[in-house]
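J.: Submitted below is the structure of interest, expressed as structure tokens.
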Amino acid sequence: LRNVMYTMPVAFRLQPLNKGRYTVKPQSGIIAPLGTLTVEIVYHLPPGSFLPDSFPFTDDSFLLHSVVVPGAAIKDSTSSSDTIPNDWFTTRRK
């Protein structure tokens, strides 16, 4: 993932829609301005089954939430943590 903002960090949360089939690490984190972060997505093949003919392509989906977090504390240039508060990604009405 890449943050294209010049001055503000961005928080993200990445979730597979089929949680039993995939593991995502890290699932959430904060990316510094102009920073990048490598995300590992692991496919769990059910026991006794074979890779689909379409492999490595799939129709499975992932949900990516992102929000600008001005003033967020960043430990290093590409901070990652699974402890991002869920309320950062909820819509607030004014």
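The values are calculated or read from the model by the stated rules, or taken from the named source; none is laboratory data. This is a predicted model, so every value here is computed, not measured. Cβ atoms come from the backbone with ideal geometry, glycine included; neighbour counts cover every protein chain shown.
J.: Taking interchain pairs and intrachain pairs at least six residues apart, which have beta carbon atoms under 7 angstrom, with the first residue in the stretch 52-70 and touching a residue at least 60 places away in the same chain (Cβ under 8 Å) and the second surrounded by 12 or more Cβ atoms within 10 Å (Cβ to Cβ) and assigned to a loop (DSSP other than H, G, I, E, B)?
T.: Pairs that qualify, where the first residue is touching a residue at least 60 places away in the same chain (Cβ under 8 Å) and the partner is surrounded by 12 or more Cβ atoms within 10 Å (Cβ to Cβ) and assigned to a loop (DSSP other than H, G, I, E, B), are Val68/Met5; Val68/Met8; Val69/Pro9; Pro70/Met8.
J.: May I pose another question? Which one of these is within 10 Å of the chain's Cα centre (by Cα) and modelled with pLDDT of 90 or more: Gly29, Gly35?
T.: Numbers: Gly35 fails: within 10 Å of the chain's Cα centre (by Cα).
Just one listed residue meets the conditions, Gly29.
J.: Here's a follow-up. Going residue by residue through the stretch 40-58, is there one that turns out to be under 20 Å from the mean Cα position of the chain (by Cα), at positive phi and not polar (S, T, N, Q)?
T.: No: the stretch 40-58 contains no residue that is under 20 Å from the mean Cα position of the chain (by Cα), at positive phi and not polar (S, T, N, Q).
J.: Anything in the stretch 34-51 that is without any contact (Cβ under 8 Å) to a residue 40 or more places away in the chain, in a loop (DSSP other than H, G, I, E, B) and more than 20 Å from Pro85 (Cα to Cα)? List them, or say none. Explain how you work it out, then say what you get.
T.: The initial filter retains those residues of the stretch 34-51 that are without any contact (Cβ under 8 Å) to a residue 40 or more places away in the chain, namely 34, 38-51.
Adding the requirement that they be in a loop (DSSP other than H, G, I, E, B) leaves 34, 38-39, 44-51.
Hits for the stretch 34-51 are Leu34, Thr38, His44, Leu45, Pro46, Pro47, Gly48, Ser49, Phe50, Leu51.
J.: Moving to a separate point now. Please specify each residue of the stretch 6-26 satisfying the condition of being over 12 Å from the mean Cα position of the chain (by Cα) and not in a strand (DSSP E or B).
T.: Narrowing the stretch 6-26 to residues over 12 Å from the mean Cα position of the chain (by Cα): 6-9, 17-22.
Passing the criteria: Tyr6, Thr7, Met8, Pro9, Leu17, Asn18, Lys19, Gly20, Arg21.
J.: Across the stretch 51-94, which residue is modelled with the lowest pLDDT among those that are among the acidic types (Asp, Glu) and within 18 Å of Ser28 (Cβ to Cβ)? Before the answer, list the steps.
T.: Of all residues in the stretch 51-94, those among the acidic types (Asp, Glu) come to 53, 59-60, 76, 82, 87.
If we keep only those that are within 18 Å of Ser28 (Cβ to Cβ) as well, we get 76, 82, 87.
Numbers: Asp76: 54, Asp82: 51, Asp87: 72.
Selected residue: Asp82.
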